[in-house]
Amino acid sequence: MVSPDLESAGEVVSFYPNPFTTSINVVINDPSQNKAELKVFNILGEEVLNTTLIQQVNTIEASNLSSGIYTYKVISNNKTLQTGRLISQQ
């Protein structure tokens, strides 16, 4: 069970902590989205991480991402569900 303070109103997916260091937790807030794809891009638009989110709470290893600002896209059924920014503080 995800505590209510971790859920973001209107967001399909929540990320914490953000900024992150070595890993980031990804919480699927919408139970109808039982499988989604997470793509993370660097500031140049190059894909640096691609993973499938299959659980309500997913821990993503991100120690290979250097410090900086990244954008993400969450995709399900070939539709973009959510986009945003992540900050790495290595």
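Filtered by the rule that a residue be hydroxyl-bearing (Ser, Thr, Tyr) and either out of contact with any strand residue (DSSP E or B) (no Cβ under 7 Å at 6 or more places or on another chain) or part of a loop (DSSP other than H, G, I, E, B) (or both), region 14-49 gives Thr21, Thr22, Ser32. For Leu44, the test of being without any contact (Cβ under 8 Å) to a residue 12 or more places away in the chain, over 15 Å from Gln89 (Cβ atoms) and of a type in the set (A, V, I, L, M) is passed.
When region 67-90 is examined, which residues are found to be in contact (Cβ under 8 Å) with a residue 12 or more places away in the chain, part of a strand (DSSP E or B) and surrounded by fewer than 18 Cβ atoms within 10 Å (Cβ to Cβ)?
Taking region 67-90 first, the residues in contact (Cβ under 8 Å) with a residue 12 or more places away in the chain are 67-76, 81-90.
After this cut, where a residue has to be part of a strand (DSSP E or B) as well, the list is 68-76, 81-88.
Residues satisfying the conditions are Gly68, Ile69, Thr71, Lys73, Ile75, Leu81, Thr83, Gly84, Arg85, Ile87.
Screening region 50-66 for residues that are free of Cβ contacts under 8 Å to residues at least 24 places away in the same chain and part of a strand (DSSP E or B) and picking the one that is surrounded by the fewest Cβ atoms within 10 Å (Cβ to Cβ) gives Thr52. Scanning region 68-83 for residues that are under 18 Å from Gly45 (Cβ atoms) and more than 11 Å from the chain's Cα centre (by Cα) turns up Gly68, Ile69, Thr80.
Read the figures in this text as sums done on the coordinates, not as results from a lab. Predicted model, so just to flag it, every value in this text is computed and none were measured. Note that each Cβ is placed from the backbone with ideal geometry, even for glycine, and that neighbours are counted across all protein chains shown.
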